[in-house]
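The values are calculated or read from the model by the stated rules, or taken from the named source; none is laboratory data. Because the structure is a prediction, the values reported are computed rather than measured. Don't worry about glycine lacking a Cβ; one is built from the backbone with ideal geometry, like all the others, and counts go over all protein chains shown.
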């Protein structure tokens, strides 16, 4: 297993916001294996926290075990995508069973976004409306596409992205972890460039802070990621902080190819 | 449930609940809201309601549809919007007080269920029965969002109402140069050497150290790593450059 702790710089922040009494978001990041996981739970009492907690704990610990058993060159885009899909499905089954067996957890669920960096690539899986963004060369791009009613309305041309800001239907997800016996994560793989900054966030950020302000914050404060994370949370709170806010920021410091061929290993050794 | 209040020259004619997915407005009698007036087109406009959102669309009418005085083609209705069709006015009232109380609950992320056979009700708030720590959902937010249910849209409190400040450079080749702080974040200094950021917040302006071994100096005092509130006529020293912060209005 490749160790990416010298390749990725990770910082995170999570805050209950200005309105909610408790934080139902859960986050985890492990630079060694190059993994970041964020979940935004939903459900009465503390069931939302339970659901997001199960999802993040299961995905991060189980994926760490699975990755430890793999050689770096076994982990290509396809294998990474399978790994994310499998472990999202396992988390779904665990939450679903807990919700079925205990009445106080009935109906609990969570969104999930999982990012895994490997061999100059990132594989990302998501379920629901928690997002992955990428800042590259000063431009911010939303990589994941929400599984939400609003996104479907945008896709069908019913409303524009601009109009979507004023919608009251912001919080209806069309896919979630733990609600049904089975769920499919949407998983894709992208090429990574040194200098990229990735942002995983819950809708507590993306609903309260415009993409323009996220872009401005990340590009002006990229030399100080902890401050950038703190500023993002602060802006969401300054704008009302109506939901829990969680962010994970990951900077790719340099490239990280997996060397496979004999020649490549030799040149790596000579250098 | 949302409703429209139809009025002419200040006197209310009728109230129309938005209880159908599509409600049409026009001169022809088959419209859901018929308006007998020559300035109104046969099929003038329609309102499509999906859960909490109502979309007003002009159906290519001759004289157009106004919302709060502005002509629109398509518009997501916000509480207290006034639609004008000819001389008639239709006021949009988003939700009754009962629904308003649950608005905060509803705002939580929840799953929109597709299958009607599912035991869980369609789009049922999963947070039912959760004690709300904040008794007034809108109290913590929306200083000027009007009387209606606060919309969870990205607000920009840094709007016209907020004060505007600027910095003026006091020494060096750019002395006298002024920079208005109109953005939420403005970085100052030399990347790689020393950078600080001035953030514009509802409470005012703040300066925070971003990078470099030296910390910014304000009025001769070196800052720590925390954000520091800026006051009118503060003098900032950064990477050898002195500048004055001042409130413009």
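Descriptive notes on the structure:
- Selection within segment A:206-242 - touching a residue at least 24 places away in the same chain (Cβ under 8 Å), within 9 Å of chain B (Cβ to nearest Cβ) and assigned to a loop (DSSP other than H, G, I, E, B): A:207, A:208, A:209, A:210, A:239, A:240, A:241, A:242
- The set of residues from segment B:74-96 being more than 16 Å from residue B:16 (Cβ to Cβ), over 16 Å from the mean Cα position of the chain (by Cα) and within 14 Å of another protein chain (Cβ to nearest Cβ) comprises just one member, B:74.
- Some residue of segment A:56-76 being within 14 Å of another protein chain (Cβ to nearest Cβ) and in contact with a helix residue (DSSP H, G or I) (Cβ under 8 Å, 6 or more places away or on another chain): no
- Segment A:94-107, residues that are away from chain B (no Cβ under 14 Å) and surrounded by fewer than 16 Cβ atoms within 10 Å (Cβ to Cβ): A:97, A:101, A:102
- Put simply, of B:170, B:185 the only residue that is within 27 Å of residue A:214 (Cα to Cα) and in contact with a strand residue (DSSP E or B) (Cβ under 7 Å, 6 or more places away or on another chain) is B:185.
- So residue A:258, is it within 19 Å of residue A:84 (Cβ to Cβ), modelled with pLDDT under 95, touching a helix residue (DSSP H, G or I) at 6+ places or on another chain (Cβ under 9 Å) and buried (at least 22 other Cβ atoms within 10 Å of the Cβ): no
- Checked against the criterion of being within 14 Å of chain B (Cβ to nearest Cβ) and over 27 Å from residue A:226 (Cβ atoms), segment A:18-29 has no qualifying residue.
- Qualifying positions in segment A:177-202 - within 9 Å of chain B (Cβ to nearest Cβ) and modelled with pLDDT of 95 or more: A:202
- In this structure, residue A:116 does not satisfy being touching a strand residue (DSSP E or B) at 6+ places or on another chain (Cβ under 6 Å) and within 16 Å of residue A:203 (Cα to Cα).
- Output for segment A:30-51, where each listed residue is more than 13 Å from every other protein chain (Cβ to nearest Cβ) and over 16 Å from the mean Cα position of the chain (by Cα): A:32
- Any strands (runs of 3 or more DSSP E) falling wholly within segment B:179-235 and containing at least 1 residues that are farther than 18 Å from residue A:225 by Cβ and touching a helix residue (DSSP H, G or I) at 6+ places or on another chain (Cβ under 7 Å): B:194-201
- Scan of segment A:87-107 for residues that are free of Cβ contacts under 8 Å to residues at least 40 places away in the same chain and touching a strand residue (DSSP E or B) at 6+ places or on another chain (Cβ under 6 Å), ordered by number: none
Okay, residues lined up against (1) crowded, with 18+ Cβ neighbours inside 10 Å; (2) assigned to a loop (DSSP other than H, G, I, E, B); (3) modelled with pLDDT of 95 or more; (4) within 26 Å of the chain's Cα centre (by Cα):
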{"site": "B:19", "(1), (2), (3), (4)": "no, yes, no, no"}
{"site": "B:23", "(1), (2), (3), (4)": "yes, no, no, no"}
{"site": "B:28", "(1), (2), (3), (4)": "no, yes, no, no"}
{"site": "B:31", "(1), (2), (3), (4)": "yes, yes, no, no"}
{"site": "B:38", "(1), (2), (3), (4)": "no, yes, no, no"}
{"site": "B:43", "(1), (2), (3), (4)": "no, yes, no, no"}
{"site": "B:48", "(1), (2), (3), (4)": "no, no, no, yes"}
{"site": "B:56", "(1), (2), (3), (4)": "yes, no, no, yes"}
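- Candidates A:84, A:33 - the one that is farther than 30 Å from residue A:237 by Cα, in contact with a strand residue (DSSP E or B) (Cβ under 9 Å, 6 or more places away or on another chain) and assigned to a loop (DSSP other than H, G, I, E, B): A:33
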